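For reference, the structure is listed below as structure tokens.
Just so you know, all these numbers are worked out from the coordinates, no wet-lab data involved. A quick note: this is a predicted structure, and the numbers were derived from the prediction, not measured. Glycine also receives a Cβ, built like all others from the backbone with ideal geometry; neighbour counts cover every protein chain displayed.
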Amino acid sequence: MHKNKIARSVGLALLAAGWLAGCGDKEAAQAPGQMPPTAVEVATLHTAPLQLTTELTGRTAALRIAEVRPQVSGIVLKRLFTEGSDVKAGQLLYQIDPAIYQANVASAKANLAKAQANERSARLKAQRYGELAKVKAISRQEFDDADAAWKQQLAEIGAAKAALQSAQINLDYTRITAPISGRIGRSAVTEGALVTAQQAAALTTIQQLDPMYVDVSQSTADLLRLKRQVEAGKLTSGQADNAKVSFLLEDGSAYGESGELQFSDVSVDETTGMVTLRVIVPNPQLLLLPGMFMRATLKEGERSQGLLVPQTAVTRTPNGGATVMVVTQDNKVELRDIHISRIVGSNWVVESGLKAGERVIVAGLQKVRPGAQVTPSEQSAQAQATPANK
């Protein structure tokens, strides 16, 4: 019986030792260094030609605006246009009473005829005195007086011609014509109204609507960035005079005509830090009217080796910087600081910090830390699809 107790004790001891050994093996298998690598999704970066655009807002403005004012005073006899209609350059708009100005023209013509008649008499007298002076029949002084009288009459003729021309101009000004072609607005006067020369109030306004201007604003910071990119060769074409611009109307629909960038303003608005860009756009259907709101998409240029990184891969730091998790060749995680500039679709444009061929983590960021071993899988093509540039 004593031997049985000893055998039972030995068996229990061996059983306990085996159980402890099994627990030790399990704990060893669960050690951190022996855990399987974390599965993450990555996107491999590639370079490709990248069209960069900027969306700006602006309002339309007439290509040319002419305020019609009278250049002589008088009573308006007729208004010869329909408000809101299209007029041609030189078309008669108003007729001012010409009676006084016709009389002034007649008087100027009479003064010219009188001066011409006096000139003929003085010229003949000077010629006769010249012959007499040669044979000393008269004194030299008498000839000089006759010659001066003749030349004075020539000057009188010149003055009379200028007065006639001025009177004729004033008479022509009684016919107020359109200085440019375009759409004419509301008339400020009617028949019988008294108007004065060079008055402050315009009689009406004509606006040329085809083509039209669209004035948009852009920050000086963006202009400086574009200039630096062009100088560095990152853009194959910058903001040139023939840069194409597309538009969206107020209702969100696309405007059928594209415009061309003409120039940028030479001064900066001190209150907003913006500079005005003027775009000229065709308006053959006269769909656009002055003052309409439009969204303009300006093509800045093309970057031949553009590099994009998905937005889901980028994390912002407390100081405003950007970082990504890069999977190295040995499938370890590396934290990388990068410089990004703008959003294109669902991606960021990379300026520095990454290069083509590198893999960035786009899913599973919260499960990994720098230096960790991971099992990467490429993100599906459907998940990587991005919308059009904007």
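The table that follows gives values for the structure above.
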| quantity | calculated |
| --- | --- |
| Residue exposure sequence - 358, 191 - by fewest surrounding Cβ within 10 Å | 191, 358 |
| Residues with amide H under 5 Å from that of residue 64, placed H, sequence gap 5 or more | 208 |
| Alpha-carbon centroids, region 350-377 and region 111-168: separation in whole Å | 103 |
| J(HN,Hα) series, region 147-155, from Karplus relation 6.51 cos²θ - 1.76 cosθ + 1.60, nearest Hz, glycine and proline x | 5, 5, 5, 5, 5, 5, 5, 5, 5 |
| Peptides 44-50, 99-105, 71-77, 307-313 ordered by average Cβ neighbours within 10 Å, highest first | 307-313, 71-77, 99-105, 44-50 |
| Phi to ³J(HN,Hα) by Karplus 6.51 cos²θ - 1.76 cosθ + 1.60 over region 213-224, Hz, x for Gly, Pro | 9, 10, 9, 10, 10, 9, 6, 5, 4, 5, 5, 5 |
| Sequence-distant residues sharing a close amide H with residue 73 (under 5 Å, placed H) | 197 |
| Calculated over region 98-173: convex hull of Cα atoms, volume per residue (Å³) | 56 |
| Residue-by-residue Karplus 3J(HN,Hα) for region 304-319, coefficients 6.51, -1.76, 1.60, Hz, glycine and proline x | 5, 10, x, 10, 10, 10, x, 4, 5, 8, 9, 10, 8, 8, x, 8 |
| Cα-centre dipole for region 98-173 with unit charges at Cβ (Lys and Arg positive, Asp and Glu negative), debye to 20 | 240 |
| Residue pairs, from the table 88/244; 227/355; 114/134; 109/151, whose Cα atoms sit over 28 Å apart | 88/244; 114/134 |
| Distant-in-sequence amide H partners of residue 351 (H built 1.01 Å from N, under 5 Å) | 339, 340, 341 |
| Kirkwood hydrodynamic radius of region 32-107, from inverse mean 1/r over distinct Cα pairs, in Å | 21.1 |
| Residues 176, 138, sorted so that the one with the fewest Cβ neighbours within 10 Å comes first | 138, 176 |
